[in-house]
1. If each residue's Cβ is checked for other Cβ atoms within 10 Å, how do M77, M153 rank with the fewest at the top?
2. Ranking request for peptides 98-106, 1-9, 42-50, 184-192: highest mean number of other beta-carbon atoms within 10 Å first, then the rest in descending order.
3. Which lysines, if any, have their Cα less than 23 Å from the Cα of K208, not counting same-chain residues under 8 positions apart?
4. What pairs in K34/K92; K74/K103; K34/K201; K34/K81 have C-alpha atoms more than 21 Å from each other?
5. To the nearest Å, what is the center-to-center distance of segment 180-207 and segment 1-65, using C-alpha atoms only?
6. Rank the residues L156, L12 as a footprinting-exposure proxy: fewest other Cβ atoms within 10 Å of their Cβ go first.
7. Dipole of the chain, Cα-centred, from +1 at each Lys and Arg C-beta and -1 at each Asp and Glu C-beta, to the nearest 20 debye?
8. Putting +1 on Lys and Arg Cβ atoms and -1 on Asp and Glu Cβ atoms, find which of M153, A117, Y104 reaches farthest to the positive end of the dipole of the chain.
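The numbers here are math on the coordinates, done by the rules we state, and not lab data. All values reported here derive from a predicted model rather than from experimental measurement. Cβ placement follows ideal geometry from the backbone for every residue including glycine, while neighbour counts extend to all protein chains displayed.
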Amino acid sequence: MLEYKGLQISWLGHAGFRITGAGHELVFDPYSVKTRAQRPASIIFITHDHFDHLSPQDIAKFSSRQKTVIVASKNCMKGLKDIQHKEYVLVKPGDEGAVSEVKYRVVPAYNINKFRAPGVVYHPPEYGGVGYVVEIAGTRVYHAGDTDFIPEMKNLGSIDVALLPVSGTYVMTASEAAQAANTINPAVAIPMHYGAIVGSKEDALEFKRLARCRVEILEQEE
């Protein structure tokens, strides 16, 4: 876990994170979660509808029908019906919103050089996957989603904490993620999207070696 300006940031494994502070608990893309601390979140952010990001059984571990708002990309609509949660917001790149004091901006997430077939990337722009820039208690956190190093990363503004995929195949390689971090220039970068399905801690270590900013490699919350 990382303590940063009054926030507690925990890695739930793969692309999943929990951020606690200022009376809120935010959860991003929970998948195959092991943690025993399964409290209802204020907001659950989902970046796209692939099974390792939109996981109904993992979302249920952090969801309360009375308390939790789910913010998800529009391509999650079908999957959210399986959760039977009464309050969710479907978003697309460019959208902005707030839940209580937590502000969020929806940003693009897509591939430019990770191909499932010749000329066909895994996450094309029109697919509608997203990342989020979330502001909580004055701290701005960027969850990149499944993405390559894309031009839009140059226009995120000041970022305190960047959560960046590093495993390659479907997302940035460690080297590409380091280029992204060096462009975004966050106060802290945390590697993600490894250790399940694709990638290993070696990718996180290579990212840390190449990035010029402070990098924290978190252990998965138990």
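1. Fewest to most other Cβ atoms nearby, the residues stand as M77, M153.
2. Ranking, from highest mean packing down: 42-50, 184-192, 98-106, 1-9.
3. Qualifying lysines at Cα under 23 Å: K5, K114, K154.
4. K34/K92; K34/K81
5. About 18 Å separates the Cα centre of segment 180-207 from the one of segment 1-65.
6. Exposure proxy ranking, most exposed first: L156, L12.
7. That gives a dipole near 280 debye.
8. Result: Y104.
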